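Below is one structure, written out as structure tokens, with a few remarks after it.
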């Protein structure tokens, strides 16, 4: 028995600890019991006792009434939630009419969003800086506090190991696990003074304000690029027909589909060419290669797939690991590379600079672009701009089931020869945004850790921690 982890509990405790008489070993892990004891050592109230309004989606049959759109009211799903935040880079949208129909799942400022299925435990708080209306799907609980509890404190508490492990413990189901509203409302919350809750709120709000500043810097970098490309105020043609000779069309491109010859593509290229010399991207690259199916393992380098390549940022969090292939010159992502997604509706063409020091491995949906002739951050901003997106739309192949952007087509993209100073100015704005994002994440970690200290030690110790750590 030595080395085995065993928990001993009274039958009476097992009977009253949950409403379905769970007695599996996972439910009674030692860590869960230790954390439950620590929380119950404080004054606690359940969410229903505190006073909350919990809402989900309404009837699942409402799904049949909703069509997803490319623009409209943002529709948050569990996949958009990560590390206490919402990513707006790969959202789907619904109509205003659908938003009205799904009133139970509409998101309002100050609401806490909690994933109940799939990505169980992911949590976010609706920011005052978001543009509303916003809606969310059936797997996300909306928590609106009607009692005295500070929502920012509850948000930070749910991010702690105490909150996360409670949700892991309560998850039900064998294949697709769920946590239900009836379980969430019985969640025991430690009650601390208004002074402490307000201190936590101030740190979270400062984190949110800092994150908003990163968006402003990124927007400034995009504006600077559009100014440099002579695209400020550019309005593409709405014409849907274009006349090309055989020599100008199939003989040159091998393409006969009408989508490839949309007039707006030519108009945009001509507009940029008015002020800049254009060259092919392939002439500026030393590497343009898509990854292969990784050899997944328990140890190795992180694997970057299309969901990790966000617009302007590569996420390294919870990545699976893989070993390098035995092939000579195995493909590895290095700091300074630019990654571009090569497949998938909604993700194809999305690009980001790889800023991490740790090397990584691309999977077979991610293409590495490496250059010593362009600033890589500038290149990623360019590829995510209207100029890059139009070229993605022009060159991708396939149907709605599976679309592909191949390296040989990326080689054909045109790139303007932009002054190096402008490239550097654009890159500097992006770098500043990365620094502020890191500071925003640090502040959120301070708020989370302060709540843990308040539970493990005391309010006084937690307030002192905030005082020491809040300033960079």
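Readers should treat all values here as calculations from the given coordinates under stated rules, not as data from a laboratory. What you see is a predicted model, and the numbers here were worked out from it, not measured in a lab. Backbone-built Cβ (ideal geometry, glycine too); neighbour counts: all protein chains shown.
Tabulated data for the structure shown
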| item | result |
| --- | --- |
| FRET efficiency estimate (nearest 0.05) - Cβ-Cβ, residue 411 to residue 295, R0 35 angstrom | 0.80 |
| Percent RCO, i.e. relative contact order, over region 263-395, from Cα pairs under 8 Å lying at least 6 residues apart | 31 |
| For region 164-200 and region 306-341, distance of Cα centres in Å | 34 |
| By average C-beta atoms within 10 angstrom, highest first, the peptides 81-93, 151-163 | 151-163, 81-93 |
| Intensity falloff of region 11-191 expressed as log10 I(q)/I(0), Debye formula with alpha-carbon point scatterers, at q = 0.16, 0.17 Å⁻¹ | -0.99, -1.10 |
| Simple spin-label estimate for residue 420 and residue 359 in nanometres, 7 Å along Cα-Cβ | 2.8 |
| Residue-averaged 222 nm ellipticity for the chain, from DSSP H runs of 4+ at -39500 (n - 2.57), nearest 500 | -11000 deg cm²/dmol |
| Modelled FRET efficiency - R0 30 Å, residue 431 with residue 68, Cβ distances, 0.05 increments | 0.30 |
| Separation of the residue 335 and residue 316 label points, Cα + 7 Å toward Cβ, nm | 0.9 |
| Extension reserve of the residue 226-residue 49 stretch, reckoned as 0.36 nm per residue once the Cα distance is removed | 58.4 nm |
| Extension gain (nm, one decimal) between residue 38 and residue 119, 0.36 nm per residue minus Cα-Cα | 26.6 nm |
| Region 11-191, relative contact order in percent, only Cα pairs under 8 angstrom and at least six apart counted | 30 |
| Set of region 348-380 residues, backbone N closer than 20 Å to the point 7 Å along the Cα-Cβ line of residue 325 | 359-370 |
| Least to most buried among 340, 315 (fewest other Cβ within 10 Å first) | 315, 340 |
| C-alpha center-to-center spacing [region 375-405, region 57-129] in angstrom | 26 |
| Order of 350, 172, 310, 370 - criterion: other Cβ atoms within 10 Å of each residue's Cβ, fewest first | 172, 370, 310, 350 |
| For the chain: relative contact order, % (alpha-carbon pairs under 8 angstrom, 6 or more apart) | 15 |
| Neighbour-count order for 417, 114, 54, 167, fewest beta carbons within 10 angstrom listed first | 417, 54, 167, 114 |
| Distance in nm between pseudo-label sites at residue 469 and residue 456 (7 Å out along the Cβ direction from Cα) | 0.9 |
| Net length gained if the chain between residue 271 and residue 393 were fully extended (0.36 nm per residue, minus Cα distance) | 42.1 nm |
